[in-house]
Amino acid sequence: MPGLVWEAAKTSRVPVLILLGAPGAGKGTQAERLVERYGVVHVSTGDMLRAAVAAGTQLGRLAKQYMDAGELVPDEVVIGIVRERLAQADIQERGVLLDGFPRTLAQAEALAEVLSATGLPAPTVVNLKVGEDELVERLSTRRICRACGAIYNLRYDHLDVGDACPKCGGEIYMRDDDKPEAIRERLRVYHAQTAPLIEYYRARGQLMEVEAGGRPEEVGDVVVAAVSDVIGS
């Protein structure tokens, strides 16, 4: 059964949730469950950037210049767009699950200021912990349909490279990023980048760590129970 390290303080306001976890930890699955359970708005950094660009806001136009040039959008632009999004009525009324933000300590510190400025509470941060060998196993057995993007796993679905997708008939393939040597490099980069972020939230009593090596349903039960205890619902 997945375990929980409890370090968060209670709040009664709308939830601000952040999911952390290495590639393959199951963030997508658990995000879907949290959104369904609490009705929070699920927003990713990419979604916010694209929406700002489409709306033609001042920050959106600035972000577009960097994106069109193939450059990373600077933190100050991303944070400005996050501030605008968090101030919108749906998030103010329902709360938010942030996906892909913050990624760095500087972004976490900026987010704290944004949350305060927009009247939202400090975040409840869930870190999904999975051992490196298990992550490599999960990702290296992942297969994807070229046509529809459906994701399969050799361990459960018995589909391999060259097979036909059961959903659309497209070709099943393996991403280069899902080869073991590439996975271990991705994990090295992730841990180097995220370790300070985890310590930042731990020091503020905002972090919950869930052992996420079990079945997704079991992990989800632990995550929901822990978050419910924090936000009181």
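The values are calculated or read from the model by the stated rules, or taken from the named source; none is laboratory data. The shown structure was predicted, so the numbers you read here are calculated from the model rather than taken from an experiment. Backbone-built Cβ (ideal geometry, glycine too); neighbour counts: all protein chains shown.
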Matching residues in region 78-91 - criterion: being out of contact with any helix residue (DSSP H, G or I) (no Cβ under 8 Å at 6 or more places or on another chain) and either farther than 21 Å from Leu34 by Cβ or of a type outside the set (D, E, K, R) (or both): Ala87, Gln88, Ala89
On the given criteria, is Ile144 modelled with pLDDT under 90 and either hydrophobic (A, V, I, L, M, F, W, C) or surrounded by fewer than 17 Cβ atoms within 10 Å (Cβ to Cβ) (or both)? no
Of the residues in region 193-233, those that are over 18 Å from the mean Cα position of the chain (by Cα), within 20 Å of Val14 (Cα to Cα) and not hydrophobic (A, V, I, L, M, F, W, C) number 6
For region 184-198, state whether one or more residues are out of contact with any helix residue (DSSP H, G or I) (no Cβ under 6 Å at 6 or more places or on another chain), modelled with pLDDT under 95, more than 29 Å from Tyr152 (Cα to Cα) and surrounded by 15 or more Cβ atoms within 10 Å (Cβ to Cβ). yes
Residue check, Tyr190 among the hydroxyl-bearing types (Ser, Thr, Tyr), closer than 25 Å to Ala108 by Cα and out of contact with any Leu (no Cβ under 7 Å at 6 or more places or on another chain): yes
Qualifying positions in region 110-142 - among the basic types (Lys, Arg) and in a helix (DSSP H, G or I): Arg138
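Matching residues to (1) assigned to a helix (DSSP H, G or I); (2) in contact with a Leu (Cβ under 7 Å, 6 or more places away or on another chain); (3) at pLDDT 90 or above:
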residue	(1), (2), (3)
Met1	no, no, no
Ile18	no, yes, yes
Arg33	yes, no, yes
Val43	no, yes, yes
Leu49	yes, no, yes
Ala52	yes, yes, yes
Leu59	yes, no, yes
Leu62	yes, no, yes
Gln65	yes, no, yes
Exactly one condition in (1) out of contact with any helix residue (DSSP H, G or I) (no Cβ under 6 Å at 6 or more places or on another chain); (2) crowded, with 20+ Cβ neighbours inside 10 Å; (3) over 14 Å from Val43 (Cα atoms); (4) not small (Gly, Ala, Ser) is false for Val96; which is it? (3)
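For every residue, the table says whether it meets (1) charged (D, E, K, R); (2) without any contact (Cβ under 8 Å) to a residue 12 or more places away in the chain; (3) surrounded by fewer than 20 Cβ atoms within 10 Å (Cβ to Cβ).
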residue	(1), (2), (3)
Leu34	no, no, no
Gly39	no, no, yes
Thr45	no, no, yes
Gly56	no, yes, yes
Arg61	yes, yes, yes
Asp68	yes, yes, yes
Leu72	no, yes, yes
Ile81	no, no, no
Hand me the list of helices (runs of 4 or more DSSP H) wholly inside region 143-233 holding 2 or more residues that are in contact (Cβ under 8 Å) with a residue 24 or more places away in the chain. 180-203, 216-231
